[in-house]
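First comes the structure, then the notes that go with it.
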Amino acid sequence: QVQLVQSGGGLVQPGGSHRLSCEATGSAADDILGMGWYRGEQRESIAYVTRTNNTGYADSVRGRFTVYMDTTEIAMFLQMNDLKPEDTAVYYCKADRNGGTKYWGQGSQVTVSS
């Protein structure tokens, strides 16, 4: 099993920076092939990172957000810079296991407002 523990939600001013984290624990955590960040009710894909630290980004965040993974601890981080009000959303962490199983975190609320 894999449990995803998210942290780092909060209130941020426009133009500010913030960081989210997602730590994977459990007996199958070492089988995770990649992890990603999603946001909103539709869980729009924002950023993705593989175990080899290949990354991909949505156009809406490219150049402002950076995703990276600590492959020793199986933890994923999202560094958010130049935040905009439209970035306000619940951000979800997802992990993809080698057998096709997907795991979701419970979400972190990020509000960008002055």
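Within the shell defined by Cβ-Cβ distances under 15 Å, the residues around Gly100 carry a net charge of +1, with Lys and Arg each +1 and Asp and Glu each -1.
Probing with 1.4 Å while keeping every protein chain in the model, the per residue accessible area of the chain equals 51 Å². Are there GluC sites (Glu not before Pro) in segment 44-91 that DSSP puts in a loop and that have at most 16 other Cβ atoms within 10 Å, and which ones? Listed in order of number, the matching sites are Glu73.
Charges were assigned to the Cβ only: +1 to each Lys and Arg, -1 to each Asp and Glu. The resulting dipole of the chain about its Cα centre is roughly 100 debye. Okay, which of segment 53-72 sit inside 15 Å, backbone N to the point 7 Å along the Cα-Cβ direction of Glu86? Within reach of a label on Glu86: 58-65.
In sequence order, segment 13-28 has phi-based couplings of 6, x, x, x, 10, 7, 9, 10, 10, 8, 10, 9, 10, x, 5, 9 Hz under the Karplus curve 6.51 cos²θ - 1.76 cosθ + 1.60, θ = phi - 60°, and Gly or Pro positions carry x. For the chain, the share of accessible area belonging to carbon and sulfur comes to 44 percent (1.4 Å probe, ligands and nucleic acids excluded). Once you list every other residue whose beta carbon is under 12 Å from the beta carbon of Gln79, what net charge do they have if Lys and Arg are +1 and Asp and Glu are -1? Result for the neighbourhood of Gln79: +1. Compute the whole-percent fraction of alpha carbon pairs in segment 72-114 spaced more than 18 Å apart. The proportion of pairs with Cα distances above 18 Å equals 43 percent.
Would you work out the relative contact order for the chain, in percent, from Cα pairs under 8 angstrom that are 6 or more residues apart? Relative contact order for the chain comes out at 36 percent.
Quick note on the chain: its Rg to Rh ratio, both from C-alpha atoms and Rh being the Kirkwood radius, is 0.96.
The values are calculated or read from the model by the stated rules, or taken from the named source; none is laboratory data. Since we're looking at a predicted model, the values are computed, not measured. Reconstructed Cβ throughout: ideal geometry from the backbone, glycine too, with neighbour counts over all protein chains shown. Heavy atoms of the whole protein, side chains included, go into the accessibility calculation; ligands, DNA and RNA do not. Shrake-Rupley method; radii C 1.70, N 1.55, O 1.52, S 1.80 Å.
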